[in-house]
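The values are calculated or read from the model by the stated rules, or taken from the named source; none is laboratory data. The shown structure was predicted, so the numbers you read here are calculated from the model rather than taken from an experiment. When we count neighbours, we look across all protein chains shown, and the Cβ atoms used for this are built from the backbone with ideal geometry, even at glycine.
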Amino acid sequence: MGSRMGAKNPREPLSRERALAAAIALVDAEGLPALTMRRLAAELGVEAMSLYYHLPGKEGLLDGLVDTVIGEIEAAARRAEATAAGEDWRTRLGQRFLAARTVMLRHPWAPALLSSRPTIPAGVYAYYDAIIATLRDGGFSYRIAHRALHAFGSLALGFAQEVFRPASAGGQTDVEAAEAELAAMAEALPHLTAMAAAEAHDAADPTLGWCDSQIEFEFTLDLLFDGLERARATGG
């Protein structure tokens, strides 16, 4: 396969920003498994060793991807909140979280990568500080704001963190084995099976995982915001 970035800009100096932009483009197109230092170097039209000056190995590269995505989320959230300026806390937070989700839908590999990192990306702190500021402006105490952050979890970053990611969520599976498993479930777990059948995702509904559709995401936000309204009214 030809080089995307290298063919377009063969003489552009290599930089961390250029390398990360190429990495994002590669992973968006082919997924995280396709990303290696050697493959990225080929995309950029440089020697693999030259990448190490800007990105210290694969882990440094993955951290750079996370930093880039968080930067995109923060920029999108600022634009969304500017549009919602003067609105109530619920509208402002809703626009912030939905803006974050547009970034995640653009980079569907990002939720799993974010969840796998051993440290918290520096940009996340400022992002959550802005969420707390919005809650405080809405009349919430720091105590309720703290509990709200726990309740929001990864929804604040635009995705629902799933405990299990079965093969049916996007991996390869044996069709006959899957059908046999579903048949067994229908007998042993009738309500769970019926619910799964009733809640089959619409193909037009953007999803980031097995149970992370846009409809479910917004439904959950509404439930959380309703609960926060009640907590504020009663003093938590």
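Odds and ends about this structure:
- Against the list (1) touching a helix residue (DSSP H, G or I) at 6+ places or on another chain (Cβ under 7 Å); (2) surrounded by fewer than 19 Cβ atoms within 10 Å (Cβ to Cβ), the condition Pro111 fails is (2).
- Test: residue in segment 58-74 that is in contact with a Phe, Trp or Tyr (Cβ under 9 Å, 6 or more places away or on another chain) and charged (D, E, K, R): yes
- Matching residues in segment 73-83 - criterion: being surrounded by 18 or more Cβ atoms within 10 Å (Cβ to Cβ) and either under 25 Å from Phe219 (Cβ atoms) or without any contact (Cβ under 8 Å) to a residue 12 or more places away in the chain (or both): Ile73, Ala76, Ala77, Ala80, Glu81
- Scanning segment 38-57 for residues that are within 22 Å of the chain's Cα centre (by Cα), aliphatic (A, V, I, L, M) and either surrounded by 14 or more Cβ atoms within 10 Å (Cβ to Cβ) or in the same structural domain as Thr220 (by TED's automatic domain parsing) (or both) turns up nothing.
- Elements of type helices (runs of 4 or more DSSP H) contained in segment 22-135, each with 3 or more residues being closer than 18 Å to Ser154 by Cβ: 57-83, 89-106, 110-116
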